[in-house]
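S.K.: Pasting a structure here, questions to come.
Every read-out reported here was derived from the displayed coordinates using simple, explicitly stated rules and does not represent laboratory data. Everything quoted here is computed from the prediction, not taken from an experiment. Don't worry about glycine lacking a Cβ; one is built from the backbone with ideal geometry, like all the others, and counts go over all protein chains shown.
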Amino acid sequence: MLFVLQFTSQLFLVCPPSRANSALLLTIVIRYKPAILAPTNFRPVKSFDLACSKPGHFVLTLAAGLLWVGIASAATLPSSGNSTTNTTREYDYVIVGGGLTGLVVANRLSEDPKVSVLVLEYGIIDRSNTTRVPYYGTSLNIGAMFNITSGPEPAMQNRSYAVRAGSIAGGGSSVNGMTLDRASAGDYDSWELLGNPGWGWDGLLPYFKKSTDFDPPPPEIVEKYNYTYDESWYGEDASPLKSTIPHWQAPDTYTFFDGLDELEIPYIEEHAAGTAIGQFWTPASIHPTKLERSSSLTSYYDPVSARPNLVLLTQHQVKTLTFNKGTTTVTGVRALNRPKNETINFTAKREVILAAGSIHTPQILQLSGIGPASILEAAGVDVRLDFPAVGSNFQDHPVAYLNWNLTNTEPQPNELATNATFNAEALQLYLTNRTGPYTKAQSNSVAFLSLEMILGSADAASVMVEELKSQEHRDYLPYIYSADDEVNAGFEAQREIIAEQLIASDVAVLEFPFSGLGSVPNALQKPLSRGTVYLNATHPEAEPVLKYVFARREIMMTLI
Ligand SMILES: Cc1cc2nc3c(=O)[nH]c(=O)nc-3n(C[C@H](O)[C@H](O)[C@H](O)COP(=O)(O)OP(=O)(O)OC[C@H]3O[C@@H](n4cnc5c(N)ncnc54)[C@H](O)[C@@H]3O)c2cc1C
């Protein structure tokens, strides 16, 4: 039996490799957060690279001379999985990828002491400060990510883009921006409407609560920053993923709230109630007392890592599935022990669960002979199952950055990178009291806007949706949507649901996270472009060829 688990990217970071084109104040780029590129670890800092940022400010040199003393040691926690000692080759469940999804599933399956569970993870366990201290979640932790570049995009002047995905235990949850927002009820209901009973808002809410605990900051912080929340929409103390709102906000954050008020965007006291349309505060996946990152590693693996029936093998890259000869019945996986350069077969007595993320799960399937026949044949892979949908429906959220000069208030969020004195004081605050700017990762204040809010009236929204429905999508979607009726039918079903929800205004179309910085991503949440993830025909085991196929002809792109 084979299961494919995939969390869609909520705030997926895709940064253009070239800075040459970022000289426009409003540039359509495909990335999430420019932010402050801090060092990849906490060694003394010589310079900060401010990539993908405002025009003319690409490299900031900061002679901080900051000697990082390190936060509390994690010596009691496993730091390498059990890759060197374990010799067992047969398990009930084999989970491919110890990322966000994989470690959650591993925790839940291994609750039953009678079943054995193996997690095979490409990367290492990284417990450095870079993955733990919230402020460093504003930076790209490049060393903990795969090195992938998307193919040239014809509709974007043939530009290529760096694609970000975590390559360490915890996956994206160990490198992401820690913004922990819950979508609107309508967003989840669309999953159910696509034919997945139980995956709507009502079905999922108990699991949101079961997984996520929220504790507010101390009352004086809540009062100081005007935070609002309703804990009843989160779980109890037993819920593994810990969250809170940081102990610091930049003053100009409130300028944005005021601006949204002027535009009559409703203020939502608690967005996690299924009401995430308007402006609101969101928690971060940060432990409320330790004020450190809460990831699938810290929340779901660490507390159960001593279970004898759970094994996490780090630095193991799964290459293919294995099968009963001549059938499509999966028996296990073939993996590479990367340090030893040794290939090992692992057997799954019950199930293999693919949780290697949106890029590598389709690659593993295709290398196993499951995917579009033409793609497999071009790469010299024997076709086991011609399955055109594998590698299609690839989506991300394109972003247009809006940049301003904000000069009226101090401190600004990027002051940590520009002002050594401020940085030193902030660091001291964090080390001594766990408070101040270092407790904050990406933005916790955000506007999620419906089509009606953006266009100003329900009538205008209807006109746009009619136009959207009348577009011949085969004109702008990849070839596979013309070649395969089933793949096309899947897209049409999605478009039908999205169109109805846009009219009903019960989902957000744009995300606008602000944090008092003069640069705000304007992210399209409902793109109707679809991309592909296909094997590289000349080097099938290298990173796959990734195309977003963002198209100007796709009407939703006009919104950003
Ligand atoms: C830079 C960045 C910022 C983000 N910011 C936010 C945010 O602020 N808020 C938010 O909600 N979301 C954010 N996201 C998105 C979120 O982190 C992802 O949606 C989520 O991690 C996806 O979970 P997943 O389990 O599908 O994949 P992942 O978490 O990526 O896990 C996949 C795992 O599989 C492993 N793997 C891959 N190939 C193989 C192989 N062949 N063999 C073995 N193991 C393999 C990887 O190393 C990884 O550990 C961000 C993502 C990134 C990259």
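S.K.: Just to confirm my numbers, what's the Cα centroid distance between the range 439-494 and the range 396-432 in Å?
M.R.: Each part's Cα centre sits 33 Å from the other's.
S.K.: Once you've got the Cα coordinates, tell me which of LYS209/LYS440; LYS209/LYS469; LYS469/LYS547; LYS319/LYS547; LYS209/LYS349; LYS242/LYS319 are over 29 Å apart.
M.R.: LYS209/LYS469; LYS209/LYS349; LYS242/LYS319
S.K.: Using a Förster distance of 25 angstrom, determine the FRET efficiency expected from the C-beta separation of ARG338 and THR538, and round it to 0.05.
M.R.: The computed FRET efficiency comes out at 0.65.
S.K.: Something else now. What does the C-alpha gyration tensor say about the overall shape of the range 198-266? Classify as rounded when a/c is under 1.5, otherwise prolate if a/b is larger than b/c, or oblate.
M.R.: oblate
S.K.: Count neighbours as other Cβ atoms within 10 Å of each site's Cβ, and list the GluC sites (Glu not before Pro) in the range 470-499 that are DSSP loop with at most 12 such neighbours.
M.R.: For GluC sites (Glu not before Pro) across the range 470-499 that sit outside H, G, I, E and B with at most 12 neighbouring Cβ atoms in 10 Å, the list reads GLU472.
S.K.: Give the calculated FRET efficiency between THR88 and VAL383 to the nearest 0.05, with a Förster radius of 41 Å applied to their Cβ-Cβ distance.
M.R.: That gives a FRET efficiency of 0.80.
S.K.: If r is the Cβ-Cβ distance from SER232 to VAL115 and R0 is 25 Å, what FRET efficiency results, to the nearest 0.05?
M.R.: Here the calculated transfer efficiency is 0.15.
S.K.: Could you pull out every one of the aspartates and glutamates with an alpha carbon less than 12 Å from that of LYS114, ignoring same-chain neighbours closer than 8 positions?
M.R.: ASP92
S.K.: Using a 7 Å offset from the Cα along the Cα-to-Cβ direction at both LYS210 and LYS319, what is the distance between the two label points in nm, to one decimal?
M.R.: Each label point lies 7 Å from its Cα, and together they span 3.8 nm.
S.K.: SER160 to THR558: extension gain in nm, 0.36 nm per residue of separation minus the Cα-Cα distance?
M.R.: 141.2 nm
S.K.: For ALA493 and LEU263, compute 0.36 nm times the residue count separating them, minus their Cα-Cα distance, and round to one decimal in nm.
M.R.: Result for the pair: 79.4 nm of gain on full extension.
S.K.: Here's another thing I want to ask about it. Please say if the range 147-262 is rounded, prolate or oblate, where rounded means a/c under 1.5 for a ≥ b ≥ c the square roots of the C-alpha gyration tensor eigenvalues, and otherwise the choice is prolate for a/b larger than b/c and oblate otherwise?
M.R.: Oblate, since a/c reaches 1.5 and b/c is not below a/b.
S.K.: Given 0.36 nm per residue, what is the gain on full extension from LYS469 to ALA420 after removing their alpha carbon distance, in nm?
M.R.: This chain segment gains 12.3 nm when fully extended.
S.K.: Just check the range 291-423 against the gyration tensor rule for me: Cα atoms, a ≥ b ≥ c as the square roots of the eigenvalues, rounded for a/c under 1.5, and otherwise prolate or oblate depending on whether a/b exceeds b/c.
M.R.: oblate
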